[in-house]
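First up is the structure itself, then whatever we jot down about it.
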Amino acid sequence: MDENAFKTVSEALAPTPFTAPATRALVEQYGTPSVVEYETQIALRILELEHDIRMLKTCRNSNRPVNRLPAEILSHIFLILYWTVQTEVEEDKKVFWIYATHVCRHWRAVALGCATLWCDFAFDMNGELMRTILARSKHLPISVCLKCDWGTDTKALGEVLSHTMRIHHLDLSSWTRWLSISYPTPMIERSLPEKFLRDGAPILKHLTLKNFDFHWARIPFPPTLTTLHLEQNLLVNKSLGLPNFAKMLETFRGLPLLEALTLDEIFPEDRFQPGMMPVTFSNLEDLTLTGRGRTIGNFLLGIRVPKSTFIDITFNDKDEWISEVDACVASIRELWRDDPLECQWAKDSLEFLDFTASANSHRNFAFGFHDKELYWEHDDPNHLNVNFLSSSPGNLDLVFLTFFKEQFNFDGLTTLDLTGNSQLACRPALEGVFAHLPKLDSISFWGCDVVDFLHILDGDPACAERFDSEEISIADPTFPALHSLEIGAQRFRGKRIDTIIRVLGKRPRGHRIGCLTIEDCINIDKTDAEKIRDALPDLHTFVWDGPAIMDNPDCLKMLNDVLDIWAQRKEPVVDTVEFNKWAQGRLFTKSISPAACDGGRKDVYIHTPELRANLRCNEEDNVQS
């Protein structure tokens, strides 16, 4: 019955055929002079009815199919939920899976009885939750992943970490980069139990320590480790215990199962000595190193890895170290050895090179090698990634590549991708490194000017216009194997279209380009595209994605109108403008970031057939404008 239907107390107190006798008797006593006794009787009756209601609800809920699932199946569902949350949800919400255990008593009982659910300690847990989960985990192996800050309950953390015999995954990092040096004694020594590092961790497989002061001798390095990640920012006091080279090699020899090794500013300061025997990581799959070029080059002399290992190196030098680049590249070449005594190089012939220069970020080389003997799971084109900070002094990327060519065989290089403001797209690099490679058949210029490349082709004596282009040239032209050319994110200036047609059209027979792709380029229209197609009949594939946004009057007008409206506001609030267009059945997207803003924001979308402007505005703004 709907309680809102009662207009008066009399109506509310009117008994129904469903009213129990005990309740009816109490209602009939309404208005009795003995108020205290009457209220006591009513309170007792309410408790009886609430108990009955709980019993009925329990019967109803327990009778549903989902609550008749065996505990093993329901536990497995909880585990799947937990794993999904851990992999797909933001870090500050990774403990939200616990709410699912509050649905009903049955679910709660099953969850509390499943110790596997309570074996992981996430970074945002408070001390009370840590202790609760520790008790529920019983005696199973535990995983600890905590980002320590001023609010971390170090006492509760110490209680968890005191179970060293049970820890199989340990990931500790300081939340702020200055936290480690803010204490008179290192925080890791204050936060961990006194005997933690000395006791070791016999089942530990994953160990990550970031931005802490620590003694190398106090870190547990059990032979069971498969992942080791040690990171130390430049502000941390390194005098407290980084090992010498011999001690570090001795430690690594005791890690036969290591599959992933990451070292960030954790390298020996002394030099590798000729009498030292390098360590071979026979099971290593990933090697990630960040540091100064000199220290990384020195460290690489002491290790060997299988030819299936993926290597990522970041040089963060702020000072010039060009004189040591050659030695560092030589150390890289020595890396891939299945056997330290092997006479043949495991990595030699280069097949793929991708260079990306990101503004205000980094410059990245991605190298791929000919590895026919590798199994398919290791057959990734980028077995070596080398990164330079954009603030690195000089042309380190160009210097590095020059020495790299001296150490490695570039004759097998087939693919070259250049992205961003790349020095490699300039004439010295193109002529000195790539122009005469015998197998280079695919080149992509994305966001870097193609003018120097065209000048090289235009001035090639083997492509001189006085020769009949139908005849086979006596001398090989530059880029003799070039078959596919991609030009993207360019602004064509002057007679660039005519230059492309002339340069490509005069290449001799047997060296002509068969595939030309032009995407996301400005100052090229349908007429220009048809002109290219007609002037170069030997192109069996020509791809043009249509007019660029800046060449589309309707989209350009809308963009300008949008920017004008938002420019009149007090703060610049346009975050991104994203353009989508379809051409040849493919979707091409271009994002522009005219400005950025802070504070509370929400998304606003403007849709046209070819334009979507994704605007972020302050909540108080009138988005309809």
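The values are calculated or read from the model by the stated rules, or taken from the named source; none is laboratory data. Since we're looking at a predicted model, the values are computed, not measured. Every residue, glycine as well, gets a Cβ built from its backbone with ideal geometry; the counts of neighbours run over all protein chains shown.
Checked against (1) out of contact with any helix residue (DSSP H, G or I) (no Cβ under 8 Å at 6 or more places or on another chain); (2) in a loop (DSSP other than H, G, I, E, B); (3) buried (at least 19 other Cβ atoms within 10 Å of the Cβ), His436 meets all criteria but (3). Report whether or not Glu406 is closer than 30 Å to Gly275 by Cα, modelled with pLDDT of 80 or more and surrounded by fewer than 16 Cβ atoms within 10 Å (Cβ to Cβ). Against the criterion (closer than 30 Å to Gly275 by Cα, modelled with pLDDT of 80 or more and surrounded by fewer than 16 Cβ atoms within 10 Å (Cβ to Cβ)), Glu406 qualifies.
For region 473-518, filtering for residues that are without any contact (Cβ under 8 Å) to a residue 24 or more places away in the chain and either of a type in the set (A, V, I, L, M) or more than 16 Å from Phe453 (Cα to Cα) (or both) leaves 3.
Screening Leu255, Leu261 for residues that are outside any loop (DSSP other than H, G, I, E, B), modelled with pLDDT of 95 or more, within 17 Å of Thr208 (Cβ to Cβ) and in contact with a Phe, Trp or Tyr (Cβ under 8 Å, 6 or more places away or on another chain) leaves exactly one candidate, Leu261.
Checking each residue in region 1-28 for being at pLDDT 85 or above and not in a helix (DSSP H, G or I) picks out Thr19, Ala20. Number of residues in region 84-125 that are of a type in the set (A, V, I, L, M, F, W, C), closer than 24 Å to His163 by Cβ and either surrounded by fewer than 12 Cβ atoms within 10 Å (Cβ to Cβ) or in contact (Cβ under 8 Å) with a residue 24 or more places away in the chain (or both) equals 11.
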